[in-house]
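Below: the structure, in structure tokens.
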Amino acid sequence: MNENKKEFHYNFGGKTITIETGRLAKQADGAVLISCEGTQLLATVVSSKTASEEQDFFPLMVDYKEKFYAAGKFLGGFMKRESRPSNAEILMMRMVDRPFRPLFPEGYNFETVIQLAVHSYDPKADPEVLAGIGAAAALTISDIPFNGPAGFCKVARINGQFVLNPSVEEWEKSDLEMAVAGSKEAILMTEGEAKELPEEVMADAIMWAHKHIQGLCEFLEQIQREVGKPKRAFTPILPNQKLMAKLQSDFTNDAKECLKIHHKLSRQDAIANMEEKIISIIKEKPEDFGLTAEDNIGKKTHAAVDELMYKIMRKDILDNHRRIGDRKLNQVRPIETEVNVLKKVHGSSLFTRGETQVLSAVTIGGKDGEQMVDAIAGISYLRFYLHYTFAPYCVGEARGYKGVGRREVGHGNLAERALKGALPSEKEFPYTIRVACEVTESNGSSSMGSVCSGSMALMDAGVPLRAPVAGVAMGLIKENDDVNSKFVILTDILGDEDHLGDMDFKVAGTANGVTAIQMDIKIKGITREILDQALKQAHEGRMHILGEMSKTTSSHRKELKDGVPRIGTVKIAPDKIGALIGPSGKNIKGLQEEFKVTIEVDEEGMVKVISSDTKSIESTINIIDLQLNGPELGAEYEAEVVSIKEYGAFVDIASNVSGLLHVSEIAVERVNNVEDYVSIGDRIKVKVVEIDRFGKIKLSAKAIAPLTNRKNPKK
């Protein structure tokens, strides 16, 4: 029996969470096994005891992995071992990193790794919620310096009521899906999507979640008191105070001149030139700047200049409301928009806001374009997805593109959530839709640029969005972490304002409400006052951007472009799916070959016919209807003669749909020899005159246009 093992229980939203310590991963700095229902997750954290003096940032890494054995499943495909993280796992890593990073002390630049692994899975308990709580618990009981604890939860809204950490089935009924993290004092992070909800509802959901998080934090404090380790001492790596004082006294005016430059690359060049000037001066007499000849003067100068720019810009904004480029606090940069930029693409647009530009392309098609997602929760298929690409050239960097990174996955997911909230239902628009957003220039919020560009490209493709969607990024400059300290909210932040500010708060939606939201902070949290003002200012910015977009397009294209596949649909009874497919797929393959179409059918009997030729779609649907439901009495069809008998001819009005053209229904006169009137392979017009109780079909040619005797036309 393990004497060190301890269990702690907490009722969180009606479900009991159990945190176990002292049994697993005892050599980690902090480790807990967190369980709820049948879901169990191991959370560990380890931090290095040494840090390089040259290290000028906090190297935090989060790894989240869902083990397929946790759900009793094999991994799909050739590889049977979990390897590269899925998009969902990457998004979870980012969701843990973002709220916890600002809670580490300033100057704690020691490499720290949080590892989270799902070892058992039950659909009744969300492993992502447990991952956030488990990471917080492992950090809280460890000896790693951490200004926690912190809590994590998810919020739904069902029938107008908020629900904490809902089950899989409950999510289906919700018009809100939001993850929230926070400390006892303030909100640290939020991310989610909604079905055009008002800003007030979004703020209420965040604050409602925070109340539950406060109780969770008290629970983690209790665990810390019982099993937590004393926090280790460390020497923070902070800016050289003598160097900073010298730079402030000698180069503040130079720095202010740099900040007056509007163009990003020109401003960066000016700052780089200032750095070179400072480095050359320091090298002459490094001791005057608190350095020695052995120090990496270039690196230390770069860090100090960055800190100098940080302080000057923040002070200018807080005291004088003066931003880079002399913009007002709530002013959006100039916007330019175009659609139908790529002539052979199903839909495209170019959205430019200041020095941020996104080119978007839309592809629409059938089921074969769906994205399969293989996860421990099961296999699912996405009929809408967005891919975001941020190539180095968009920020003027001379390096190759090495593939999709975590940041691209996160930004793409946010833009996808924003647009998903305005998409038509599959019944209204039965297509698979892919949006590709290529960032061609970047200086602040390319993810929100992707929302705007993607929305316009979708409308250019003919996708009937419920309403156009736009997004804007908000920033925060706060004097200090005191609750009552001075702050300002910035609309449409630049890259420098993001880097030097305290918050990156992105809000996207239509004129009717919010569809997506994401907030990251670099301080210890924000209050309801800051949240309300940021949402209000974001709404004003979004409405302005929507107005600018409407100058180019405000509604979807009424007809799809030439060459774009069309989809026709027909509903059949599920028990007739086999008849449509035919033995070994013979019938459905025959229809596809005959009419040059693609046919898809789901388990519920929804049949999609896909082709760029609308006539082929109509003909195929008519034939399917004939095959499965039979012809209509009195309807006229074109038929093919397939066999001739003494008493008449058998004709096909569709594949596997035959009827008898009796001798009495061929011509007005008496027909003695059927072959005098028709031959095998002839196509003739017939009318359905009778369908007996056994389903046998009797046809007539003379009811439309009597056939003539070929051997004796006069007769």
Aspartates and glutamates with Cα under 18 Å of residue 551, excluding same-chain neighbours fewer than 8 positions away: 336, 338, 460, 540
Distance between modelled label sites at residue 185 and residue 427, nm, 7 Å Cα→Cβ extension: 5.2
Residue-span extension gain [residue 242 to residue 625] - 0.36 nm each, minus C-alpha spacing: 129.4 nm
Sequence-separation-based contact order of region 566-629, relative, with Cα cut under 8 Å and 6+ spacing, percent: 42
Total formal charge among the other residues, if their Cβ is under 13 angstrom from that of residue 588, Lys/Arg +1 and Asp/Glu -1: +1
Footprinting exposure proxy for 86, 446, 142 (fewest neighbouring C-beta atoms within 10 Å first): 86, 142, 446
Span-like helix ranges in the chain, DSSP H, alpha carbon extent 18 angstrom or more, Kyte mean at least 0.0: 87-100, 127-141, 446-460, 614-629
Phi to ³J(HN,Hα) by Karplus 6.51 cos²θ - 1.76 cosθ + 1.60 over region 643-659, Hz, x for Gly, Pro: 7, 10, 10, 5, 9, x, 10, 8, 10, 9, 8, 6, 4, 6, 10, 10, x
DSSP loop GluC sites (Glu not before Pro) with at most 12 other Cβ within 10 Å: longest gap in the chain: 429-558
Whole-Hz ³J(HN,Hα) from phi, Karplus 6.51 cos²θ - 1.76 cosθ + 1.60, for region 378-395, glycine and proline x: x, 8, 9, 10, 9, 8, 9, 7, 10, 10, 10, 10, 10, 7, x, 4, 5, 10
178, 79 arranged by Cβ crowding within 10 Å, fewest neighbours leading: 79, 178
Separation of the residue 669 and residue 281 label points, Cα + 7 Å toward Cβ, nm: 11.6
Segment residue 683-residue 704, extension gain: residue separation times 0.36 nm, minus the distance between their alpha carbons: 6.2 nm
Proximal charge balance of residue 319 [Cβ under 11 Å; K/R count +1, D/E count -1]: +2
Integer Hz, Karplus 6.51/-1.76/1.60 couplings in order for region 468-482, x for Gly and Pro: x, 10, 9, x, 8, 9, 10, x, 9, 10, 10, 4, 7, 7, 5
5 angstrom amide H check on residue 440, placed H, neighbours 5+ away: 357, 358, 359
Amide H contacts of residue 12 (H built 1.01 Å from N, under 5 Å, at least 5 apart or other chain): 17
Relative contact order [Cα under 8 Å, 6+ residues apart], the chain, whole percent: 10
Placed amide H near residue 462: partners under 5 Å, 5+ positions off or other chain: 557
Gain upon complete extension [residue 371, residue 16; 0.36 nm per residue less C-alpha separation]: 124.3 nm
Within the chain, longest stretch free of exposed chymotrypsin sites (Phe, Trp or Tyr not before Pro) [DSSP loop, at most 14 other beta carbons within 10 Å]: 79-400
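Distance cut-off 22 Å, Cα to Cα: go down the list 242/285; 184/311; 315/486; 402/506 and report the pairs above it.
Over 22 Å apart, Cα to Cα: 184/311; 402/506.
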Computed label-point distance, nm, for sites residue 4 and residue 124 using a 7 Å Cα→Cβ extension: 3.2
Relative contact order (%) - criterion: Cα under 8 Å, at least six apart; region: region 323-369: 27
Neighbour-count ranking [beta-carbon atoms within 10 angstrom, fewest first] of 581, 567, 34: 581, 567, 34
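Here, each number is a calculation from the coordinates, and none is a lab measurement. Predicted model, so just to flag it, every value in this text is computed and none were measured. Glycine gets a Cβ as well: all are built from the backbone with ideal geometry, and neighbour counts include every protein chain shown.
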